[in-house]
Each structure stands twice: as structure tokens, then as C-alpha cells.
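Okay, so here's the structure we're looking at.
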Amino acid sequence: MGVKDCNYLEECDRYFEDVLSLSKNRGVLGYIELDVDEIEHMAGLISKELVKPDFNISESLTISVFLVWIGILYYQEGNFWMPVYKILRLPSQQPLWQRRLGEIFLKTVKKYGLIEFKDELRYIMPILAHGCVPNFYLNDYFLNVIFRMYKERQELELSIALDEVKHIVSTWRKEYQLYAARENKLRELDKKEKELQVAFEVLRNKDKLIELRELLKDLKRSPELKVLLSKPKDWLEEAREEREKLNTQLNEIRNLLEKKEIFEKEYKEIEDRIKELAYSFLSYWNNDLAEVILELPIDEIENNLTTYWNFKRRYRGLFGVLMRLFMPDKYYRMLNCGSRLKDELKKLPLKENLLENYSSETIRHIRELQELLHRLPCRKCSTSRG
């Protein structure tokens, strides 16, 4: 049975328990050999568990071995978690997974009695230590450490025994601990120095600070400031936007008022002209007459009036009486035209009877009146009884 035969995380954990129990170097997880396909299979098993809403695993050999091998294969220049997030398909904006996965690793190391490495980098350094040397640094490690140490021992004609290697590694650890302690001390001193610099600046500007504090007190007592401070953070920007909106609305209203003024002027001119035309041939004018004027078939009226008066001139006097006897059809045609004119004009309070007094100007006035009435948006509202 191998890693790729495991179908879920718990089964894979049991597999690694068996591997660890048979390992000669059971204290370090990096000695468990894996290939890229096995690591990808482990990543799939881990991802299935991480997406579960009830994920609550505290120890896992599979997760711990996976983290160690990510460090071996991909760690460089302090970048450990980015490849972990990428391979496990974790959202990069959720750093809480660093703590959860790191805690699983530390608890697993403790549960199985593995070697515990401690450092300021609580999770990364123990994980990397279990992987020994990341692949990215292998060349430098062998060239600058192993080969150099071997060469020095060879020049001195000294052999390298296991006890001596342990002594060298122990010495390195002590030196690193001293180095780390000095680095911590330097950081503390740098922090203290910055605090002292701030204190010195405060002392040097003591008078100005006192003056500013008094001014601040005065400002806090200011009612105007209290009003401003009570407003939300972005109130000024919102007020400016609101002012722009109001200015835009104001300009629109001004444009509408200008158009209204022009319209009312034109409307008044048309209305005055309508009354002038109406009173030129009507005895009075009101709203109902506007509809009557618009309904008049002015072309037919003009044609009937012209025909009527052409025939009427022929049938005047004694000669006209004879014409009626010899040309009755045309006479009756004249009478019919007159009758139609009476029907068409009977609703109009004409000043003069068009059948008695012919006036082409009246026809022209009616035409113009119709045109003007059509131009008005509200004809009934525009006219009034005169």
C-alpha cells in the first residue's frame, strides 16, 4: 500500500504512522521519501478536508509531511506559505490558515515524539528544520558548508567521525543562538533608541506642544467644531456632491423658466392674434367657438361661397328672372350652395351675413385662425369669452 492508495485523510494518516514506526530516523519527517505525484495526491486529500465547514483536525501526519515537503521543494527567500496556499487552493487573503496548519504541525510533532525545533518563526523554522535543507539551497550548502568542511579536514589530514559531526552541529546551534540573541538585543536597542528620540523631540518642542494643547482645548469648546466633529467622516465630500446636484437642478430649472417665459410670450402673441381675427368677423368669442372654427371645412366653404356669388350676380334684376326660367339648373345649384353655407356657418355668430355681403377677407381670417388654433397646446385654456 502507498500514499496514492489512500482515499481520505484519516487513511493516509494511518499509512504514515506505519511508515514512521518502521523508519530508522523517526524523529525527522523529512526522511520520509515522496515523489511529486504522491505530494499532489496528498494535497487533494487535504483540500477536501479543509473546505468542510466542520473541519476541526488538531493533529495529522499527512498535513505535517506535506508541509515539510513543500518546504523542501519550494521554499526560497522567506517565501513558504505562498506555494502552500496555491497547491491547496486556499484564498490568499485568509492568513488564518497559516496558524491553523502551523498548529497542526506542532501538535503532530509533539504527539508522535518527533524532534522539536524552536525559533522566533513559530511555524516556518520547525517545518523547514524537519526538511533539513530546502532544494533551493542545496548547492550552496554542499559548496560552502559540506565541501569546505571536508576540504579543511582533508588539508589537516583529519578524518570526520560521527561524534565530531555532532560536535560541529552543536557548535553551530550554539553560535546561531548567540547570533539570534544578539539580533534580538539589537532590535530592542533600536526600538529603545527610537523611543528616546521621540521623547527628546517632545522635550525639545515642549512649549509648542503646550501651546497646541491649549489651542486644542479651545477648539473643542467651539460649537462650530463640535458640529463638524459630529458629522460623519465623508460628510464634506457628500456635501460637495449634493451641492453639485443642486446646482445642476437649479440650472435645469432656470432653463425651464427661460423656455417657459419664451413660450408664454409666444402664446400671448398667438392668443392676442386669435382674438383680433375672431372679432374681425364674429360678434363674440369663446372656447366653444374655437372647436367650431377648427371643424369648419374651409376649402369647401370657400368653394361654395365663390360659386354662390358668381351665380348670384347673374340672377339679379329682370335679366336675372329670365335667367332663372331658362337656366333653372344653375339657379338651383346656387341655392344649394347657399343652403350648404348656411348649415356650415350657422354655429358662428357672424357680424355680417356672407350670403348678403361677400367677403374674401373673412375666408382668409378663418384660415389663419385655424392655423393659430392648431399651434396652441391647449386651445380651450387659451381662449376666453370676449
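Rule-based calculations on the coordinates, nothing more; no lab input. Keep in mind it's a predicted model, so treat the numbers as computed, not measured. FYI the Cβ positions are ideal-geometry reconstructions off the backbone, even for glycines, and counts take in every protein chain you see.
Numbers at a glance
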| quantity | calculated |
| --- | --- |
| Given Lys191/Lys231; Lys4/Lys86; Lys275/Lys347; Lys107/Lys192, the pairs whose alpha carbons are separated by over 27 Å | Lys191/Lys231; Lys107/Lys192 |
| Prolate/oblate/rounded call for segment 235-315, Cα gyration tensor, a/c under 1.5 rounded | prolate |
| Cα pair distances in segment 36-104, grouped into 5 Å bins until the bin that holds the longest one, percent each | 3, 15, 31, 31, 15, 4, 1 |
| Ordering of 362-370, 242-250 by burial proxy (mean other Cβ atoms within 10 Å per residue, highest first) | 362-370, 242-250 |
| 13 Å Cα-Cα reach of Lys268 towards aspartates and glutamates, excluding residues that sit fewer than 8 places from it in its own chain | Glu276 |
